[in-house]
Amino acid sequence: MSDPQAHPVPHVVHVIDELPPDGAQRLIVEVLQNASRRFRYSVLCMVKGGVLEAELASIGVPVHVLGRKPGIDLGTVPALLGWFREHRPDVVHTHLYNADSYARLAAWLAGVPTLFTTRHSTVPWPSASRRWIARSLSRVTDATIACGAEVERMLVTQEGIAPNRVKTVANGINLRRFESADGRRLRAELGVLPGQVLIGVIGRLHPLKGHADLIVALAQLYREGVDFQCVFVGGGDLHDALQQQVDEAGLNGVVRLLGQRSDVADVLAAIDIFAMPSRREGLPMALLESMAMARAVLATAVGSIPEVITDGENGMLVEPSNPSRLAAALSRLLRDAPLREKIGRAARATVEAGYSSTQTARAYESLYEQALSARLPTS
């Protein structure tokens, strides 16, 4: 068993299912890259690790894998309970539904002093039972952290979490990741011609991400004779269906599904326009990353995106599930290079001013310190 006296620095454990290069996982890595020495950190993956393990190893953050089975695994809570009792963390911070449910329950049973969870989206839990579990566990959680004001509103009004149990901390990104990004190789690989505009979409291939709406919009522009190329980066169950839609729209060779990639910074350096046609969102990491690369952003006005983007200034906003509006906004950006450059510069300034992972890390640590201090015995 770990000896707490050997480690006087408080131990924080982030718990999540696995570590693919997706938004919530990317946030954990970038926050830990900017963590202070006031805490020591670990990451516990309930199912398996992933490609982001290497980045955590490079900064000395250990990753533990529990090996939870898919579906309802009745052994998960006892396994977590044993892990928490052995390692005796001072703070458990969970991410996404399985960790939010299993790990918070086990941490509470194990007597972990402080519990936090981050909600990464405005998508409410899909069933009454899940909402009841989240609401019940919120009562033993120091704070449910919303990544934006709209996420906070959803937690309070739709899921019934007490307002004093919700704190808003905006997502942030590690700006250093983009200093050496180079998109020339990808543009050459795709055969993008000089002066041809490349549109990029980064995110899971999931219905709520709105890829199908964007394909309809792109097909409209292609029929009008507008010249462009577009890449979808990300994996997911919709790959085959979206590829079929691309084929049926006559966009083969114009719209390409590249799958999951590890060189996202280079992808962002290669594109001219970043499109986010989502139907639901929180505060997407990919959005902030594209803004950090000074790319012109076109996004739907969902979740906390309007908290970051002012339409026509540092990005363009359209209503969700409206391919015609998407097509009109894209047409404007495709035809106006000075507008793309102006929006991109303003986007970069926005991220530099308020959305760095250093700021997110400090805000998280401030919450940890407040909660731990409240549990110290008074003289």
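The values are calculated or read from the model by the stated rules, or taken from the named source; none is laboratory data. Here the structure is a predicted model, which is why all the values come from computation and not from measurement. Using ideal geometry, Cβ is built from the backbone for each residue, glycine included, and neighbour counts are taken over all protein chains shown.
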Qualifying residue in the stretch 236-257 (condition: under 25 Å from Arg345 (Cβ atoms) and surrounded by 22 or more Cβ atoms within 10 Å (Cβ to Cβ)): no
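Based on what the data block shows, is Met285 more than 13 Å from Ala347 (Cα to Cα) and touching a Ser or Thr at 6+ places or on another chain (Cβ under 8 Å)? So that I can check it myself, show each step before the final result.
On the way: more than 13 Å from Ala347 (Cα to Cα): yes; touching a Ser or Thr at 6+ places or on another chain (Cβ under 8 Å): no.
No, not satisfied.
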In the stretch 296-323, the residues that are over 17 Å from the mean Cα position of the chain (by Cα) and touching a residue at least 60 places away in the same chain (Cβ under 8 Å): Pro320, Ser321, Asn322, Pro323
Residue tally, condition at pLDDT 95 or above, on the phi < 0 side of the Ramachandran plot and not aliphatic (A, V, I, L, M), over the stretch 56-99: 15
Ala24 of a type outside the set (Asp, Glu) and closer than 24 Å to Glu281 by Cβ: yes
Residues that are over 22 Å from Arg176 (Cα atoms) and touching a helix residue (DSSP H, G or I) at 6+ places or on another chain (Cβ under 8 Å), drawn from the stretch 12-42: Val12, Val13, His14, Val15, Ile16, Asp17, Glu18, Arg38, Phe39, Ser42
Qualifying strands (runs of 3 or more DSSP E) (wholly inside the stretch 259-343; at least 2 residues being surrounded by 24 or more Cβ atoms within 10 Å (Cβ to Cβ) and touching a helix residue (DSSP H, G or I) at 6+ places or on another chain (Cβ under 6 Å)): 273-276, 296-300
Test for Met276: is it out of contact with any strand residue (DSSP E or B) (no Cβ under 6 Å at 6 or more places or on another chain) and within 23 Å of Arg187 (Cβ to Cβ): no
Selection status of Gly148, among the small types (Gly, Ala, Ser), out of contact with any Lys or Arg (no Cβ under 6 Å at 6 or more places or on another chain) and touching a residue at least 60 places away in the same chain (Cβ under 8 Å): yes
Helices (runs of 4 or more DSSP H) wholly inside the stretch 36-149 that include at least 3 residues being within 22 Å of Asn171 (Cβ to Cβ), within 21 Å of the chain's Cα centre (by Cα) and not β-branched (Val, Ile, Thr): 53-58
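Counting just the residues of the stretch 23-54 that are charged (D, E, K, R) and surrounded by 22 or more Cβ atoms within 10 Å (Cβ to Cβ), which one comes out farthest from Ser121 (Cα to Cα)?
My answer is Glu30.
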